[in-house]
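Everything on this sheet refers to the single structure shown next.
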Amino acid sequence: MHEYLLKQVIKLERKSSGEWIKQVTSWTIKILESGKKVPIKTEIEEVVDWEDLPQDVREEWLKQEKSKAEIDVTEYRDREIMEMFA
């Protein structure tokens with residue numbers, strides 16, 4: 001069985017000064033042993049502490065004073081890859 005990532009989005013939302021909700025949504029295509037392609041949506045949600053957020057995320061929040069953010073991981077990685085070959 002193979003799996004291909006189509007898109008992945010991370011949403012961060014502040015619940016309190018030290019607590020954040022991180023929701024990761026992934027859209028994948030699984031290829032079963034039979035060869036059939038099946039779309040799958042997976043959502044994972046967890047509570048994270050302020051200290052556990054990446055440094056660049058914390059700096060951005062302090063600068064912009066946002067309580068929510070959405071990051072399209074696949075778009076971000078695609079840009080990084082294109083810059084490598086530019």
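Once the Cα-Cα distance is subtracted from the 0.36 nm per residue extended length, the ILE44 to GLU13 segment shows a gain of 9.8 nm. Set the Cα radius of gyration of the chain against 2.2 N^0.38 Å, with N its number of residues, and you get 1.36. The gain in end-to-end length when the GLU60 to TYR4 segment is fully stretched comes to 17.1 nm, 0.36 nm per residue minus the alpha carbon separation. In this structure, the pairs whose alpha-carbon distance is over 18 Å, taken from LYS7/LYS63; LYS11/LYS37; LYS11/LYS66; LYS7/LYS41; LYS22/LYS63, are LYS7/LYS63; LYS11/LYS37; LYS22/LYS63. For the range 1-41, calculate the relative contact order in percent as a whole number, restricting contacts to Cα pairs under 8 Å that are 6 or more residues apart. Relative contact order comes out at 40 percent.
Distance between the pseudo-spin-label points of TRP27 and MET84 (7 Å out from Cα toward the beta carbon): 2.4 nm.
Let me know the longest stretch in the chain that avoids all trypsin sites (Lys or Arg not before Pro) found in a DSSP loop with at most 11 other C-beta atoms within 10 Å. Counting at most 11 other Cβ atoms within 10 Å as exposed, the longest clean stretch of the chain is 37-86. Among the GluC sites (Glu not before Pro) within the range 4-86, those in coil by DSSP and having at most 12 neighbouring Cβ atoms inside 10 Å are GLU33, GLU65. A crude spin-label estimate for the pair SER34 and SER67, with each label 7 Å from Cα along the Cβ direction, gives 4.8 nm.
Let me have the relative contact order for the range 26-69, percent, based on Cα pairs under 8 Å that are six or more residues apart.
24 percent
Take every pair of alpha-carbon atoms less than 8 Å apart whose residues are at least six positions apart; their mean separation over the length of the range 2-85 yields a relative contact order of 33 percent.
Taking the longest Cα principal axis of the chain as reference, the axis of helix 55-64 is set at about 60 degrees.
Read the figures in this text as sums done on the coordinates, not as results from a lab. In this text, all values refer to a predicted model and were calculated from it rather than measured experimentally. Quick reminder, even Gly has a Cβ in these numbers, built from the backbone with ideal geometry, and neighbours come from all protein chains shown.
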